[in-house]
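Presented below is the structure to which this report refers.
The values are calculated or read from the model by the stated rules, or taken from the named source; none is laboratory data. Not measured: the values here are computed from a predicted model. Because the Cβ atoms are built from the backbone with ideal geometry, glycine has one as well, and the counts that use them run over all protein chains shown.
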Amino acid sequence: MPRRIVSLDIGKADLKATVVEAGFRDFKVEAFHRTPLNGSPENLVEKLRDFVGEHAADADTILTALPADSVSWRTMHLPFRDTRKVAQTVPFELESNVPFGLDDVVVDYQVLSRTQNGTTVLAALAPKAEVERHLELLKDAGVDPKIVDAGPLAALNTLNLLADRPSTFAFIDGSQHAVTIALYREGSLVGVRSLTATEAFGPPTNGNGSGPGSGAAHHLATNARWTLLALNDGAAIDDGMPCYVAGDAEWVAAVAGELAEALGVDVRRLGPLDNLDTAKQAQATSFGSSLGLALREITPSDTVGVNFRRGEFVFHRSEQELRAGLRTAAILALVVVALTVGEMYARYKESQVRLAAIEEQIEQVFSATLPDTGSNGRPLDALQGEIDLLRQDVDMLDDVVPVANSTSVDLLRSISAAVPSEVRIDSDEYLMDTDAVRLTANADTFESVDSLKQKFTETGFFSSVEVKDATADRNGGVNFRMEMVLNKNFRPPTTR
């Protein structure tokens, strides 16, 4: 089921939101929303509540970020790789940069890279008072954010959407209130710095435009040049290096020329960006912080960011989400089991119907094959019984070896061949066992009976042939019985 993610950017001049629908494998940026903050800070809660009610009421996850002037960060290299040692060292490395004790700040960091020489991390801290103030503001507006990031860092994640991202480039994301400058070298973040409006543009000379004047733009270009030199460890910036600039269109237009001239870089407006249609392409660069924050929730392993919801500010709803997720998983498991059992039962019933049809066909075949034999409802057993009886008869014929290697069939063939062609004989009964052959038959005359006796004796298969109960019948023929004892020592001649 798709998740609806809303990331909020609470700025000095306006409220911004990015709405993203995230599925299992993909995401879609549904909308960008912005409303100006006209009025005193006392109206901020009401403005924020209305803004959230209109654009984030149905959100599954809400994310926010602190502004640049509330956060301090530093990119540092630590000469070890051990995760626990890194976690212990980062807060003390940051403490020297701010006038706060560790008990008064929230610290988080992200590992940028690990090599055999150590670990490079991006570490950030924010005063607890700022985090608390931010969360109270959101709470009054009815919002409990899952993540509280640093806005300038979140904006870096929009670079992941670049369709053709170079390995070395600069990135400047700005507005009339703050500017973020970052340097990437060989595909990795080297460093990032955020400048306040005064640091970026110098003392204000006018306040009626959305973009800086020419003097302010020149001041920004100079500060950007020194910032990039510092991030590049004092080395010169490559001539023609790509420099992506994001922000409102008028702001980008006001600073682009000064940046290109002062830095000697190839100034480019941020884009084109993947997963955005044409209409949203133009809006995206003005929503760097909120868009980048949403991307962090979608692909956390490929993005940059920190989370100040730690310690006393930890996000407890994650436990509720976990329990809800477990309940959902349990319900889905029960549904799967029910569907599986239902499918198995349906297959069982289908098999029963097929079995009944097959048994009916077997009964029909049995009745057609053995019409005089009843099956008693068990045609397979009855048919097997008939087969067994026939097999016994066949086995008996195969097993009876009356003379030498001859079979009962050989013996019967010899008897038939011994009957003279001129003698008529009608056999009523032919019995054979391992010792003798017994024949009940009718011949035309007593001489024929004697001739048969003589011919059977001459076959050599019998040691004696006796005629018994020879009597004339009313039709002029002779009924008789003949008993022929097998000659077990006889060896028939070999046919060449």
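Results, tabulated for the structure shown:
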quantity	calculated
Qualifying positions in the stretch 71-103 - more than 42 Å from the chain's Cα centre (by Cα) and either among the hydrophobic types (A, V, I, L, M, F, W, C) or at pLDDT 90 or above (or both)	92, 94, 98, 100, 102
Checking residue 50 against (1) over 16 Å from residue 290 (Cα atoms); (2) touching a residue at least 40 places away in the same chain (Cβ under 8 Å), the condition it does not meet	(2)
Residue ID - surrounded by the most Cβ atoms within 10 Å (Cβ to Cβ), chosen from residues in the stretch 447-464 that are out of contact with any Phe, Trp or Tyr (no Cβ under 9 Å at 6 or more places or on another chain) and of a type in the set (Ser, Thr, Tyr)	448
Criterion: modelled with pLDDT under 85 and basic (Lys, Arg) - qualifying residue of 378, 347	378
Qualifying positions in the stretch 64-79 - among the polar types (S, T, N, Q), assigned to a strand (DSSP E or B) and under 30 Å from residue 48 (Cα atoms)	64, 72
Check on residue 168, under 25 Å from residue 48 (Cα atoms) and of a type in the set (Val, Ile, Thr)	no
Tabulated pairs, the stretch 324-351, first without any contact (Cβ under 8 Å) to a residue 24 or more places away in the chain, second surrounded by fewer than 10 Cβ atoms within 10 Å (Cβ to Cβ), C-beta under 6 angstrom, 6+ apart or interchain	none
Subset tally (residues that are of a type in the set (Val, Ile, Thr) and assigned to a helix (DSSP H, G or I)) for the stretch 407-437	2
Subset of the stretch 261-302 [more than 34 Å from the chain's Cα centre (by Cα) and acidic (Asp, Glu)]	261, 266
Helices (runs of 4 or more DSSP H) contained entirely in the stretch 262-372, each with at least 1 residues that are loosely packed, with under 10 Cβ neighbours inside 10 Å	278-284, 317-369
Filtered residues of the stretch 231-258 (kept if surrounded by fewer than 18 Cβ atoms within 10 Å (Cβ to Cβ), in contact (Cβ under 8 Å) with a residue 40 or more places away in the chain and among the small types (Gly, Ala, Ser))	253, 257
Residues of the stretch 24-47 satisfying the condition of being assigned to a helix (DSSP H, G or I) and touching a residue at least 60 places away in the same chain (Cβ under 8 Å)	44, 45
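The rows are residues; the columns are (1) at pLDDT below 90; (2) crowded, with 21+ Cβ neighbours inside 10 Å; (3) under 38 Å from the mean Cα position of the chain (by Cα); (4) aromatic (Phe, Trp, Tyr).
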site	(1), (2), (3), (4)
147	no, yes, yes, no
163	yes, no, yes, no
183	no, yes, yes, no
196	yes, no, no, no
